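Q: Would you mind keeping the following structure in view while I ask a few things?
The values are calculated or read from the model by the stated rules, or taken from the named source; none is laboratory data. If you're wondering where the values come from, they're calculated on a predicted model, not measured in any experiment. Cβ coordinates were reconstructed from backbone atoms using ideal geometry, including for glycine residues, and neighbour counts include every protein chain displayed. Note: areas computed on protein heavy atoms with side chains; ligands, DNA, RNA excluded. Shrake-Rupley method; radii C 1.70, N 1.55, O 1.52, S 1.80 Å.
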Amino acid sequence: MTVIEETSLSGVTEAEPEPVSADVAVEQARHAPGPLRPRRIGGVSRAGVLSLCGAAASALCVTVLLFGQLAPFSGVLGFTVTAYLVFLAIYAVLTGLDEDGQAVRDRVMTVVLWTAATLLFSGLFMVVGFTGWRGKDALPHGNFFTEDMQASGPLDPLTHGGIAHAMLGTLTMIAIALAITVPLGLACAVYLNQIPGRFSRFVRTIVEAMTALPSIVAGLMVYATWILGLGMQKSGLAAGFAISVMMLPIVIRASDVVLRLVPGNLTEAAEALGAPRWRTVWHVVLPTARSGLATAVILGTARGIGETSPVLLTAGFTAALNADPTNGPMVSLPLAVFNFVKSPEPTMIARGFGAAAVLMALVLVLFVIARVIGGRGPGHQTKRQARRTARASRQDVRRFEDLHAPGLSLFESPGGSHPAETALSAPATGETD
């Protein structure tokens, strides 16, 4: 047999590979790409903790050198920002010694997000804690919640007077604003979501522009039209109108975003059963987005319940308890806080911070109530809802079995109703959790 020498395309004989020494072979084998290992996304590792601690210590030392010896820097804020930036740079270098570039970016962004979350919750804790601490002298007294300030003055002790008039005023004004805002806001959001067109785009633009409306402008508008134009007196009703102007764009915008998240196959299935548009919206779209709509309402409520300038222009100020929103001035908790903390007396300042703590607690209670009314999100059922769904399924099975009875149309149930009407009316007749 003849042995033919292998040649390349250019006709040149390929050279024999040169022998490699043992040290070079070991080095090549060590740097050769090995099998890919899955990278841990979460959790705490020893190397990660050591990198964090080492980066923090190094950043502190470098910043101390910069501010104390190498550069003419000064200031606590500058020291903190510089130390944090140096910490991120050193942490990226230490992480890059063991990980690839993607892992380094992931670790650095994780640290940045944890820092932002820590700052956010620290600020929230400081605001709530400071308000509660400054109002701790007024909150333990029962008269603080049951009396008004009609017979009390700045020099009276905390055992006299309270904020009952402000609490009642806030609840009355926000109830009037919710009675106006909720139906109008949800109806406008449904219109923007279900009836697209030029006019809906115009309305959406106006709503987005109104979200940045200054509160003083809303108060001036109600003051000019209701009080000066129509000759009405300052009252809680006028303040409720002004607050509703501030709440309405927030509720519409948030509800519109929530309604867009409803899956289109749900509405398509309802319309395929022959349901009209209004029945599809009432029995399919709104129940599916109920939890998000409750959140939209509470966002608008949180915006309106803290307004001060519209209330001052439209409701005036009073130290007496007034339960009639159509007659006489009425005060709210934010306005009472503003008037209390202006006083130089320590007792009035304590009343102001106590009223602010009550206002935050009231917002929290309203938020909890809204979450209970909103229920769980789509796809999550309580035990009662699961039982109701199983009961409706058994009724459907019996109805389908009865369809085989002679003389019964395929599009009629034994009771004579249409299947689409039965399916769409079932959630409305169920219990609300």
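Q: Scan region 190-211 and tell me whether some residue there is within 24 Å of residue 319 (Cα to Cα) and outside any loop (DSSP other than H, G, I, E, B).
A: As a first pass, look at region 190-211 and keep what is within 24 Å of residue 319 (Cα to Cα): none.
No, that holds for no residue.
Q: If we keep just the residues of region 71-87 that are open to solvent by less than 60 Å² (accessible area, probe 1.4 Å) and small (Gly, Ala, Ser), which is nearest to residue 115 (Cα to Cα)? Lay out the reasoning, then the answer.
A: We begin by selecting, within region 71-87, every residue open to solvent by less than 60 Å² (accessible area, probe 1.4 Å); these are 71, 75, 78, 82-83, 86-87.
Checking the rest, the ones that are also small (Gly, Ala, Ser) come to 71, 75, 78, 83.
Details: 71: 27, 75: 21, 78: 17, 83: 13 Å.
My answer is 83.
Q: Name every residue in region 305-326 that is acidic (Asp, Glu) and open to solvent by 40 Å² or more (accessible area, probe 1.4 Å), in order of residue number.
A: Selection gives 324 alone.
Q: Follow-up question, since we're still on this one. Is it the case that some residue within region 92-109 is within 30 Å of residue 164 (Cα to Cα), of a type in the set (Lys, Arg) and part of a helix (DSSP H, G or I)?
A: Start the filter on region 92-109 by keeping residues that are within 30 Å of residue 164 (Cα to Cα), which leaves none.
No - not one qualifying residue is present in region 92-109.
Q: Name every residue in region 209-256 that is among the charged types (D, E, K, R) and either free of Cβ contacts under 8 Å to residues at least 12 places away in the same chain or open to solvent by less than 10 Å² (accessible area, probe 1.4 Å) (or both), in order of residue number.
A: 256
Q: Can you tell me which of (1) part of a loop (DSSP other than H, G, I, E, B); (2) touching a Leu at 6+ places or on another chain (Cβ under 8 Å) is the one residue 320 doesn't meet?
A: Failing condition for residue 320: (2).
Q: Same structure again: Given the structure, is residue 320 modelled with pLDDT of 75 or more, over 34 Å from the mean Cα position of the chain (by Cα) and closer than 28 Å to residue 220 by Cα?
A: Answer is yes for this residue.
Q: When both residues are 6+ apart or on different chains and their Cβ atoms are under 6 Å apart, which pairs have a first residue that lies in region 88-110 and is within 18 Å of residue 54 (Cα to Cα) and open to solvent by 30 Å² or more (accessible area, probe 1.4 Å), and a second that is hydroxyl-bearing (Ser, Thr, Tyr) and not in a loop (DSSP other than H, G, I, E, B)?
A: 90/58; 94/51; 107/95
Q: Is it the case that residue 426 is open to solvent by less than 90 Å² (accessible area, probe 1.4 Å), modelled with pLDDT under 50 and not aromatic (Phe, Trp, Tyr)?
A: Criteria met by residue 426.
Q: On to the next question. Would you check which residues across region 150-164 are open to solvent by 10 Å² or more (accessible area, probe 1.4 Å) and not hydroxyl-bearing (Ser, Thr, Tyr) and list them?
A: Let us first name the residues in region 150-164 that are open to solvent by 10 Å² or more (accessible area, probe 1.4 Å), namely 150-160, 164.
Across region 150-164, the qualifying residues are 150, 151, 153, 154, 155, 156, 157, 158, 160, 164.
Q: Checking residue 420 against (1) modelled with pLDDT under 80; (2) open to solvent by 40 Å² or more (accessible area, probe 1.4 Å); (3) of a type in the set (A, V, I, L, M); (4) more than 31 Å from the chain's Cα centre (by Cα), which test does it fail?
A: All conditions pass for residue 420, except number (2).
Q: Something else now. Do the conditions hold for residue 118, that is, is it touching a helix residue (DSSP H, G or I) at 6+ places or on another chain (Cβ under 8 Å) and more than 20 Å from residue 350 (Cα to Cα)?
A: Details: touching a helix residue (DSSP H, G or I) at 6+ places or on another chain (Cβ under 8 Å): no; more than 20 Å from residue 350 (Cα to Cα): yes.
Here the answer is no, as residue 118 does not meet what is asked.
Q: For the structure I just gave you, tell me whether residue 178 is modelled with pLDDT of 90 or more, of a type outside the set (Lys, Arg), part of a helix (DSSP H, G or I) and open to solvent by 70 Å² or more (accessible area, probe 1.4 Å).
A: So residue 178 fails the test.
Q: If I filter region 134-149 down to residues being in a helix (DSSP H, G or I) and without any contact (Cβ under 8 Å) to a residue 24 or more places away in the chain, which single residue comes out as most open to solvent (accessible area, probe 1.4 Å)?
A: 146
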